[in-house]
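Everything below concerns the one structure shown next.
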Amino acid sequence: MPMQLTQSLKQFANELGFQLTGCCPAVTPTGFSQLLSWIEAGFAGKMTYLERRQAAYRHPEHILQGVRSLVMLGTHYACQSPHPNMGSGRIARYASGETDYHEVIWSRLDQLGARLSTLNPAAKWRGVVDTAPLLEREFAQLAGLGWQAKNTMLIHPKRGSYFFLAALLTDQILDYDQPIASNHCGTCTACIDACPTQAIVAPQILDARRCISYLTIELRDPIPMELRREMGDWLFGCDICQEVCPWNRFAPAPTEPQWQVQTQLQSLKLIELLALNDDQFKALFKHTPLWRPRRRGILRNAAIVLGNQRQTESIPALVQALHDDEPLVRGAAAWALGQFPRELVQISLIDRQAIEFDEIVREEIQSAIILLT
């Protein structure tokens, strides 16, 4: 029976470490048309895969043929993160654990799916985290796990927004939960006001092209010049809009060790990051979320953070990065050096300009030289 099957799945999901569970029917999500408008407006930036797969977001049947229900799941990650010392960069809480959250959650989804198969051998199922074309927040709201806030995050009224979302799709009929119909953000605009790059252009509308998380993770090109100072000390991702949200005062701390903030990750010395070669970087970050932007992206971010911090101790590392094999890193290092006093960096910039062959990097160096004080 649907009720008994649902109760068994929810109980086992909780035993696996999913603190939030809810079920909803497989339908076309109400936000699908908004997704199309958002992509058409250009807010997706260089995430062209969203446009390529946009038709697949219309219905979860594109993930599992014959799907009738979704079990929506939430897992808490760290709700507190120390501010780094000078010379280090901030890493978003969700990426601060000891391993890549995908690996942990996929393993648990496989176990939950196996339990479903035990309860009903004829059942079809598929587990997804955030790599499949599924509007997770829409279905999580439909399953009663929260509402979509003005910063686009899903907020649970008793648990805040610091949690991963996952889903188990199945062709079985389940006992569905009631959605949270109302939005409880009220007149609060804390997230909109706090965003340093003004990426939240309207309630529930995020311009990814200005979002620090997009800039530091998804963007493979040089970060726009006008947004670099606003990045502050964010090396990977950003939590500002969640940090200021009043509902996150209810966010519980995770109890499992893999979701705890790893202090050694938060205290990474950026000048040491700049010295890593490809093999060293892979060895350190292959099984963490920081692997996604690869070495070139993380070193680009590290250089910009050092430029924002303006510690003279970082100049030798930035000068060395000015000769990196990756143009993306060289360009960011040039900009960072341009934030220091002229007498400390001008010769290094001019010497590199004389041998630089990449046109974009040459422009970065020239801009840096012009900006020297």
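The values are calculated or read from the model by the stated rules, or taken from the named source; none is laboratory data. The structure presented is a predicted model; accordingly, all values stated were derived computationally and were not measured. Glycine gets a Cβ as well: all are built from the backbone with ideal geometry, and neighbour counts include every protein chain shown. We work out accessible area using only protein heavy atoms, side chains counted, and drop any ligands, DNA or RNA first. Shrake-Rupley method; radii C 1.70, N 1.55, O 1.52, S 1.80 Å.
Annotations for the structure displayed:
- Residue match in the range 49-59 (condition: touching a helix residue (DSSP H, G or I) at 6+ places or on another chain (Cβ under 6 Å), in a loop (DSSP other than H, G, I, E, B) and surrounded by fewer than 22 Cβ atoms within 10 Å (Cβ to Cβ)): no
- Of the criteria (1) assigned to a helix (DSSP H, G or I); (2) open to solvent by 20 Å² or more (accessible area, probe 1.4 Å); (3) out of contact with any helix residue (DSSP H, G or I) (no Cβ under 7 Å at 6 or more places or on another chain), which one Tyr94 fails: (3)
- Selection count, the range 272-294, where residues are among the aliphatic types (A, V, I, L, M) and surrounded by 21 or more Cβ atoms within 10 Å (Cβ to Cβ): 3
- Tally of residues being part of a helix (DSSP H, G or I), open to solvent by 30 Å² or more (accessible area, probe 1.4 Å) and closer than 18 Å to Gly146 by Cα across the range 230-258: 6
- Test: residue in the range 69-85 that is within 29 Å of Ala181 (Cα to Cα), without any contact (Cβ under 8 Å) to a residue 60 or more places away in the chain and over 23 Å from the mean Cα position of the chain (by Cα): no
- The set of residues in the range 170-225 being out of contact with any Phe, Trp or Tyr (no Cβ under 7 Å at 6 or more places or on another chain) and acidic (Asp, Glu) consists of Asp171, Asp175, Asp177, Asp193, Glu218, Asp221.
- Per-region count, the range 24-44, residues in a loop (DSSP other than H, G, I, E, B) and open to solvent by less than 30 Å² (accessible area, probe 1.4 Å): 5
- Every residue from the range 54-68 that is among the basic types (Lys, Arg) and under 16 Å from Ser33 (Cβ atoms): Arg58
- Among (1) part of a helix (DSSP H, G or I); (2) in contact with a Lys or Arg (Cβ under 8 Å, 6 or more places away or on another chain); (3) farther than 21 Å from Leu372 by Cβ; (4) in contact (Cβ under 8 Å) with a residue 24 or more places away in the chain, the one test that Val261 misses: (1)
- Subset of the range 151-182 that is surrounded by fewer than 15 Cβ atoms within 10 Å (Cβ to Cβ) and not hydrophobic (A, V, I, L, M, F, W, C) - its residue that is modelled with the lowest pLDDT: Ser182
- Positions within the range 109-143 being part of a helix (DSSP H, G or I), touching a residue at least 40 places away in the same chain (Cβ under 8 Å) and either of a type in the set (Ser, Thr, Tyr) or open to solvent by less than 10 Å² (accessible area, probe 1.4 Å) (or both), in sequence order: Leu109, Leu112, Gly113, Leu116, Phe139, Ala140
- Each residue in the range 60-87 was checked for being aliphatic (A, V, I, L, M), out of contact with any Leu (no Cβ under 9 Å at 6 or more places or on another chain) and buried (at least 19 other Cβ atoms within 10 Å of the Cβ), and 1 pass.
Yes/no per residue for (1) more than 21 Å from Phe43 (Cβ to Cβ); (2) β-branched (Val, Ile, Thr):
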site	(1), (2)
Arg209	no, no
Leu215	no, no
Asp239	no, no
Pro246	yes, no
Thr255	yes, yes
Leu276	yes, no
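- Any hit, the range 183-201, residues being within 14 Å of the chain's Cα centre (by Cα), among the hydroxyl-bearing types (Ser, Thr, Tyr), part of a loop (DSSP other than H, G, I, E, B) and surrounded by 15 or more Cβ atoms within 10 Å (Cβ to Cβ): no
- Among the residues of the range 125-138, some residue qualifies, meaning at least one is over 22 Å from the mean Cα position of the chain (by Cα) and either of a type in the set (Asp, Glu) or at pLDDT 95 or above (or both).
- Pairing residues of the range 43-63 that are on the phi > 0 side of the Ramachandran plot with residues that are of a type in the set (A, V, I, L, M) and open to solvent by less than 40 Å² (accessible area, probe 1.4 Å), at Cβ distances under 8 Å and at least 6 apart in sequence or on separate chains, gives Gly45/Ala208; Gly45/Leu219.
- Residue in the range 311-325 that is part of a helix (DSSP H, G or I), more than 20 Å from Gly87 (Cβ to Cβ), of a type in the set (A, V, I, L, M, F, W, C) and at pLDDT 95 or above present: no
- Residue check: Gln339 meets all listed conditions (1) open to solvent by 10 Å² or more (accessible area, probe 1.4 Å); (2) modelled with pLDDT of 95 or more; (3) part of a helix (DSSP H, G or I) but one, namely (3).
- Screening Ile350, Ile365 for residues that are in a helix (DSSP H, G or I), out of contact with any Gly (no Cβ under 9 Å at 6 or more places or on another chain) and either at pLDDT 95 or above or open to solvent by 10 Å² or more (accessible area, probe 1.4 Å) (or both) leaves exactly one candidate, Ile350.
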